[in-house]
Amino acid sequence: MTAPAHPAATICLLRDGSDGVEVLMVRRPDTARFMAGAWVFPGGAVDGEDVALAARYGRGDPERLAWRIAALRELAEEVGIWLTRSGDRTRRVPARHVREIIARESLDFDTDRLIYFSHWITPEPLPLRFDARFFLAAVGPDLEAAIDGEELIDAKWIRPASVLEHQREGRWLVAFPTRKTLERLSEHRRCAEVIDSVAGSSVEPIMPRLRLDGRDLQIVIPGDPGFDEAGADQRSTDFLERMADAVRRRGVVPNEFNIR
């Protein structure tokens, strides 16, 4: 039985650095249940309270707006960065108090500022799955992250190409969709170029597939060799057993094949 894909929102926060565009990356602890030890973009699950807040904002469809609110709320909870219509700032508060502050101070997240540019769904064979929408936002050069040291243990503004280099050298664990996003970002020198490249483009959901090439476990997306052939395998008992064997044998971290 395929596990349900839970709605989630991720935000790629960009700024212009002296050597080119930089993106905010955060690291999850090695003990985390999901994406343990991975470098990710800030983000998390969309819930009913996000939908309720979207309805109070009254700017279009609450279901659609909730994804943007979740991305901005998670940004505030995880790294203390608040993007509101009254301005941007860093304000570190315990994550559990963020919703309380939003309500008490009637904070209005700057949802119109986010650019929706990609949509990833976790492959079917994995037990924990997300239906994640990725958003872009650019900020000024002086806005810094403030993590709590528990849910996240590190945060860095870094060039996308440097993240990809760390991943290739085995120093950073970076999930497949994150790598694909970083590859897109690395093609540009300035935030304005990134935004111009994605603004107004249509977004189609991408659900990668897992495939076994001999004894090698791979992830493929539409257009990759073997993608169509892998479709029939995703739910078969034989494939799942062979995939589990490949993970045990090679020490593959399943999180590498997830989203975020």
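A short reminder: the numbers here are calculations on the coordinates, not readings from a lab. These numbers come from a predicted model, not from an experiment. Virtual Cβ from ideal backbone geometry, glycine too; neighbours counted across all protein chains shown.
Return the long-range amide H neighbours of Ala8 (sequence gap of 5 or more, or a different chain), with a cut-off of under 5 Å between placed amide H atoms.
Amide H to amide H, under 5 Å and 5 or more residues apart or across chains, Ala8 pairs with Val46, Asp131, Ala132, Arg133.
Using helices alone, what [θ] at 222 nm do you get for the chain, with -39,500 (n - 2.57) per DSSP H run of 4 or more residues, divided over all residues and rounded to the nearest 500?
Roughly -9000 deg cm²/dmol at 222 nm, from the helical runs in the chain.
Net charge within 15 Å of Pro222 by Cβ-Cβ distance, Lys/Arg positive one each and Asp/Glu negative one each, not counting Pro222 itself?
Net of charged neighbours comes to -2.
Could you tally the net charge around Ile81, taking each other residue with its Cβ under 12 Å from the Cβ of Ile81, Lys/Arg +1 and Asp/Glu -1?
Neighbour charge sum, excluding Ile81 itself: -2.
Among residues other than His166 whose Cβ falls under 13 Å from its Cβ, what is the net charge (Lys/Arg +1, Asp/Glu -1)?
+3
Starting with the highest mean, order 149-161, 16-28 by the number of other Cβ atoms within 10 Å, averaged over the residues of each peptide. Provide the component values of the computation, followed by the final result.
Values: 149-161: 16.0, 16-28: 18.9.
Those peptides, ordered most packed to least, come out 16-28, 149-161.
Using the per-residue mean of other Cβ atoms lying within 10 Å as a proxy for protection, in what order, highest first, do the peptides 173-180, 109-116, 32-39, 96-103 fall? Don't jump to the answer; show the numbers that get you there.
Numbers: 173-180: 20.8, 109-116: 18.4, 32-39: 16.5, 96-103: 13.8.
Packing proxy ranking, top to bottom: 173-180, 109-116, 32-39, 96-103.
From the Cα gyration tensor of the chain, with a ≥ b ≥ c the square roots of its eigenvalues, which class applies: rounded if a/c is under 1.5, or else prolate if a/b is larger than b/c, or else oblate? All intermediate terms of the calculation are to be shown ahead of the outcome.
Values: a/c = 1.72, a/b = 1.51, b/c = 1.14.
Cα axes put the chain in the prolate bin.
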